[in-house]
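See below for the structure under consideration.
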Amino acid sequence: MALHLSLSPPSIRSSPSFPCSGRQPIAALSDSKSGCFSSKSLSVASGRSIGVSGGNRSFKVNSSLETAGATVGQVTEVNKDTFWPIVNAAGDKTVVLDMYTQWCGPCKVMAPKFQELSEKYLDVVFLKLDCNQDNKPLAKELGIKVVPTFKILKDSKVVKEVTGAKFDDLVHAIDAVRSS
């Protein structure tokens, strides 16, 4: 997700509505003038990615979470090597992990619903882990017994678990962790 701001002198305009309404804005853009010179500065809340264009210049500020490989608003595939760096980069954000296998029917039913949740909850990091032979050490570390299993983490610790294709239970668990 990127927020694009248009810079138009003498004032700067941006949409007042943010996808995370009711929460803190993700960026603040200020304009200052001194004599013939003007400058623009951008303050970015941590954990966000902002694209800014002004005049003939543009830049993007990446958060540490995106650098680690996760993108807000979509499900990110992880493996035994990428899971913990992404979870640690998420900081105090809620992280939801879908632990699945390729052959699992209920996992295939839950996949598009899980994607929809990632588009709805933009303040939550959504990850998926194929519990194949390569990722068996991580699956074992996380204590998986059945697929699908959804682990909900906060501050790099598992705080809730939903087993099976129980969509409503998953939504309630996510809401409970987000509000805690």
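Within the stretch 84-105, the residues that satisfy the criterion of being over 17 Å from residue 171 (Cβ atoms), surrounded by 21 or more Cβ atoms within 10 Å (Cβ to Cβ) and over 13 Å from the mean Cα position of the chain (by Cα) are 99, 100.
Exactly one residue out of 108, 80 is outside any loop (DSSP other than H, G, I, E, B), out of contact with any His (no Cβ under 7 Å at 6 or more places or on another chain), open to solvent by 70 Å² or more (accessible area, probe 1.4 Å) and at pLDDT 95 or above, and it is 108. Quick one: is residue 146 in contact with a strand residue (DSSP E or B) (Cβ under 8 Å, 6 or more places away or on another chain), assigned to a loop (DSSP other than H, G, I, E, B) and of a type in the set (Val, Ile, Thr)? Yes: the conditions hold for residue 146. Looking only at the stretch 67-77, which residues are farther than 18 Å from residue 114 by Cβ and open to solvent by less than 40 Å² (accessible area, probe 1.4 Å)? Across the stretch 67-77, the qualifying residue is only 68.
If you take the residues in the stretch 117-143 that are of a type outside the set (A, V, I, L, M), more than 17 Å from the chain's Cα centre (by Cα) and not in a loop (DSSP other than H, G, I, E, B), which one is surrounded by the most Cβ atoms within 10 Å (Cβ to Cβ)? Out of the qualifying residues, it is 130.
The values are calculated or read from the model by the stated rules, or taken from the named source; none is laboratory data. Here the structure is a predicted model, which means the values were calculated and not measured. A quick note on method: Cβ atoms are made from the backbone with ideal geometry, for glycine too, and the neighbour counts reach across all protein chains shown. SASA here: full protein model, heavy atoms, side chains in, ligands and nucleic acids out. Shrake-Rupley method; radii C 1.70, N 1.55, O 1.52, S 1.80 Å.
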